[in-house]
Each structure stands twice: as structure tokens, then as C-alpha cells.
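Reading through the C-alpha cells given below for one structure.
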Amino acid sequence: MRRVWVLAAAMVAMAACGDDEGGSGGAKKKCETLVDTLCERIVECAVEGDLFESSEEDDQLASCKRTLRENAGCEDAVSVTEDYDDCLEESENLECSESNEALMSEVNPIPASCEEVIAYDE
């Protein structure tokens, strides 16, 4: 079977403004929740699509979460935009065919609604 590393590049870009629900601690938690949701779905799809062995699932999930949290800058998140809920829902329902095709093409399988959904201080 073909082995595909689930190491997506930066999933979010800086946003100029956002909704600071729960303060910056809330934004950090929402960023981490989004990363977890995306990684769980991406890895689930990759296993279902035989992109790597099910025995690799835990390692791939941990690697995905670690990489996306670093690239997304969750530690520095100060707010989320109004698109956050749509982004989270689309991430939960990401089509496996789209996710796996993106991974095989080395492209991020990140929903469009997730672009610039996390805001940072400049």
C-alpha cells in the first residue's frame, strides 16, 4: 500500500479581525478543536482509502495534530471569525474522496471556509 504522510501545511492564514468569544484562551481552544477535527477526519479518510495501514493511524493522527497546531499558530490565536462554525462543520463532514485526492496530490484538504478563520495579533 502507498504510504502518505498526513502533514498538512499551514491551514489558516492571519485574519485582520474576529469574534473574541471567551478571550484569547477561547480562541486557542477553538483553534485546537479545529485542528483535532480536521486531523481526525483526514486520517480517518486516509485509512478508509488505504493510503496507509490502520496500524499507523495513531501515529499519523498525532503527527497531523502536532504539525497543524504548530503551523496554525494555535498558541497565538486571539479570536475566531464568524466563519468558524461553518469551517468546523465542513471539517467534520469533509468528503473522503476529496481529502484523499488532495493528500495524494500533496495539497491541503482544508475546506475553503477555514481560510483565515483564526485571528492573531499583529
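The values are calculated or read from the model by the stated rules, or taken from the named source; none is laboratory data. Only a predicted model underlies this, so the values are computations on that prediction, with no experimental measurement involved. No Cβ is skipped: glycine too gets one built from the backbone with ideal geometry, and neighbour counts run over all protein chains shown.
Determine, yes or no, whether SER97 is outside any helix (DSSP H, G or I) and not hydrophobic (A, V, I, L, M, F, W, C). So SER97 fails the test. Here ARG69 clears all of (1) crowded, with 18+ Cβ neighbours inside 10 Å; (2) touching a residue at least 60 places away in the same chain (Cβ under 8 Å); (3) within 17 Å of LYS28 (Cβ to Cβ); (4) not hydrophobic (A, V, I, L, M, F, W, C) except the condition numbered (2).
Can we say SER113 is in contact (Cβ under 8 Å) with a residue 40 or more places away in the chain, under 22 Å from GLY26 (Cα atoms) and polar (S, T, N, Q)? Steps first, please.
Working: in contact (Cβ under 8 Å) with a residue 40 or more places away in the chain: no; under 22 Å from GLY26 (Cα atoms): yes; polar (S, T, N, Q): yes.
No; evaluated as a whole, the condition is false for this residue.
Taking residues in the stretch 34-60 that are at positive phi, and partners anywhere that are not β-branched (Val, Ile, Thr), the pairs with Cβ atoms closer than 8 Å and at least 6 places apart or on different chains are ASP50/MET1; ASP50/ARG2.
Yes or no, residue by residue, for (1) of a type in the set (D, E, K, R); (2) at pLDDT 95 or above; (3) in a strand (DSSP E or B):
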residue: GLU56; (1), (2), (3): yes, no, no
residue: GLN60; (1), (2), (3): no, no, no
residue: LYS65; (1), (2), (3): yes, no, no
residue: LEU68; (1), (2), (3): no, no, no
residue: ASN71; (1), (2), (3): no, no, no
residue: VAL78; (1), (2), (3): no, no, yes
residue: GLU82; (1), (2), (3): yes, no, no
residue: GLU89; (1), (2), (3): yes, yes, no
residue: ALA102; (1), (2), (3): no, no, no
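If you go through the stretch 10-31 one residue at a time, do you hit one that is at pLDDT 90 or above and polar (S, T, N, Q)? Looking for residues that are at pLDDT 90 or above and polar (S, T, N, Q), one finds none in the stretch 10-31, hence no. Within the stretch 79-102, being of a type in the set (A, V, I, L, M), more than 13 Å from the chain's Cα centre (by Cα) and buried (at least 19 other Cβ atoms within 10 Å of the Cβ) holds for one residue alone: VAL80.
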